[in-house]
Every structure is written in structure tokens, then in C-alpha cells.
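Read the structure below first, then the notes.
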Amino acid sequence: MKPIVIIAALPQEVELLEQALEYSGKVKAGGYEYVEGTIGNGQVVVCAGGVGKVNAAAATAVMIDRYRPRLVINTGCAGAYIGSGLSIGDLVVASEEVLADEGVVVADGWKDLRFMNLPSIEQDGESCYNVLPLTSHASEKALQLAEKYGVFLMRGRSSTVSTCSGSSRFAAELSQRWNALIENMEGGAVVQVCLRCGIDCLEIRGISNLVEERDMKTWNIPRAVEAAQRFVLKYIEEIGRSDESPALKVIPEL
């Protein structure tokens with residue numbers, strides 16, 4: 001059976017998952033050090049690829065090329081936009097990823113990739129610009145699992161940025177522009193590589209902070225990454241029991 005690959009930015013975002021692996025060992029390939037092991041009867045590969053879209057895309061490409069996994073799970077922490085209904089420690093499963101700051105600034109303001117006529121990816125005659133779909137079956141399974149265990153999990157859009165929102169004004173602009181719940185720095189890159197390679201992708205993130213005036217004293221990253229990892233572990237265990245592999249379906253951007 002093909003493995004499940006887990007991609008995160010930082011070691012603390014995968015520490016609990018690595019500890020849960022049986023028969024594990026460290027591997028170096030393609031410039032990355034990662035951990036192989038098993039959960040139940042299934043092979044799992046865990047990689048902390050680094051912060052930002054470039055690191056995330058490169059790590060995902062290396063893992064896919066080496067393993068051709070049945071599923072890639074992107075996890076870690078994220079900031080929740082004001083008005084999303086999310087609080088620190090809550091979980092989000094992404095329905096779509098948005099390349100939120102890919103575009104151009106012209107005289108009357110910022111414009112997206114569609115304005116530039118530059119698709120981020122084209123598949124089967126369909127073009128995706130800033131909005132990238134994730135596997136609907138995988139996210140639905142996550143929602144069912146959350147209901148089963150009484151875990152609060154919200155599904156919605158996640159925006160991926162290179163420049164994080166450090167003010168309430170800028171955060172409100174992005175969240176309203178894209179109708180997004182959360183903000184992160186890697187998810188869109190992982191999803192884009194998975195789409196290009198025809199690999200299923202699931203994104204689960206824990207909320208570490210509200211995206212407002214930047215004050216890291218109010219953040220709780222440990223709580224966020226622990227919640228996300230514990231849920232991902234449950235998800236993998238459930239996949240192992242049901243022996244289902246989510247079916248990839250690319251949905252054109254509206």
C-alpha cells in the first residue's frame with residue numbers, strides 16, 4: 001500500500017506525529033531530513049520542510065517523487081481572521097487554498113492572477129488562478145471524524161501568503177477579498193504541487209492566534225499544533241481501519 005506523507009513547516013508541528021510512528025528512522029533525500037515509520041499497518045512519512053511557499057513546494061515535490069503517496073496531509077498552525085468564528089485551539093480543514101498575494105499592483109490597486117491571465121495551474125483544459133481546490137472526499141471524512149469524536153472542526157477557505165497580515169486592516173482586506181477563514185504560509189504551495197502530480201491532499205490546521213494587530217504574547221502555538229497533530233493521527237488511524245483512499249477531483253475555479 002502506498003504511504004501517507006505529512007508535510008509541515010517546523011519540527012514542533014510534527015513532533016507528536018513522529019513520536020507516534022512505529023519502526024521509525026530518519027532519512028535524508030533531496031536536501032531534506034524526514035522520518036519514515038508506520039502507524040498500524042500503514043507506512044507514514046513525516047517531513048518538516050521549512051517556512052514559506054518555496055520550502056513547502058520543494059519538500060512536497062521531493063516526497064511525491066520519492067514515495068508517490070496515496071495522500072499528502074499538510075498540517076501546522078494558522079491565524080484565524082476576525083469574524084471567522086474561530087478561537088485559539090480550534091481546528092480547520094481547508095476546502096480550498098488561496099494564493100492570496102500572487103498578482104500585480106497597478107494604478108488602481110492590487111489585481112489577481114486572472115487579471116494577469118496567468119493560471120497557477122492548468123489541468124484537463126481547466127485553469128486555476130489564485131484559488132486551488134482540495135479533495136472534497138478527504139475533507140468530508142475529516143468532518144465526519146470530528147463529529148464522531150466531538151471535536152470542533154470548521155471547513156472553509158485558507159489563504160496562503162508570503163507577507164503575513166500584521167494589522168487588523170490588512171487582515172480584513174485579505175479575508176474579505178477571498179472569503180477566507182485562516183491565513184498560513186505554506187498550504188497553497190503544497191496543494192498546487194499535489195494537483196500538478198495528481199496526488200490527493202488534505203490540509204488540517206490548528207489556530208494559534210487571531211489575525212489582528214501583531215502581538216505574539218497572545219498566541220498559543222503549542223496548543224494549536226498539538227490539537228492539529230492529534231487530529232491528524234486520528235485521521236490516519238481511521239484511514240487505516242477503513243482502507244479507503246480519497247478520490248481526487250479537480251474543481252475549476254469559479
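The values are calculated or read from the model by the stated rules, or taken from the named source; none is laboratory data. Since the structure is predicted, the reported quantities are computational estimates derived from the model, not experimental observations. Positions of Cβ are generated from backbone atoms using ideal geometry, with glycine treated the same way; all protein chains shown enter the neighbour counts.
Note on the stretch 1-47: enclosed strands (runs of 3 or more DSSP E) holding 3 or more residues that are buried (at least 17 other Cβ atoms within 10 Å of the Cβ) are 4-8, 32-39. One residue is enough: does the stretch 220-229 have a residue meeting the conditions out of contact with any Asp or Glu (no Cβ under 8 Å at 6 or more places or on another chain), under 14 Å from Ser87 (Cβ atoms), surrounded by fewer than 24 Cβ atoms within 10 Å (Cβ to Cβ) and basic (Lys, Arg)? The answer is yes, given that some residue of the stretch 220-229 is out of contact with any Asp or Glu (no Cβ under 8 Å at 6 or more places or on another chain), under 14 Å from Ser87 (Cβ atoms), surrounded by fewer than 24 Cβ atoms within 10 Å (Cβ to Cβ) and basic (Lys, Arg). Count of the stretch 169-179 residues, restricted to those that are in contact (Cβ under 8 Å) with a residue 40 or more places away in the chain and either touching a helix residue (DSSP H, G or I) at 6+ places or on another chain (Cβ under 7 Å) or among the polar types (S, T, N, Q) (or both), is 1. Here Gly166, Gly125 are screened, and the one residue that is free of Cβ contacts under 8 Å to residues at least 40 places away in the same chain and not hydroxyl-bearing (Ser, Thr, Tyr) is Gly125. When only residues in the stretch 155-199 that are polar (S, T, N, Q) and over 12 Å from the mean Cα position of the chain (by Cα) count, which is nearest to Ile64 (Cα to Cα)? By that ranking, first place goes to Ser162.
For the stretch 135-157, does any single residue satisfy the condition of being at pLDDT below 95, in a loop (DSSP other than H, G, I, E, B), of a type outside the set (A, V, I, L, M, F, W, C) and over 20 Å from Asn209 (Cβ atoms)? Within the stretch 135-157, one or more residues are at pLDDT below 95, in a loop (DSSP other than H, G, I, E, B), of a type outside the set (A, V, I, L, M, F, W, C) and over 20 Å from Asn209 (Cβ atoms). Considering the conditions (1) surrounded by fewer than 17 Cβ atoms within 10 Å (Cβ to Cβ); (2) under 21 Å from Ala57 (Cβ atoms); (3) β-branched (Val, Ile, Thr), Val151 is excluded by exactly one of them, (2).
Only residues that are assigned to a strand (DSSP E or B) and surrounded by 13 or more Cβ atoms within 10 Å (Cβ to Cβ) were counted in the stretch 111-121, giving 2. Note on the stretch 4-51: residues that are hydroxyl-bearing (Ser, Thr, Tyr) and touching a Leu at 6+ places or on another chain (Cβ under 6 Å) total 0.
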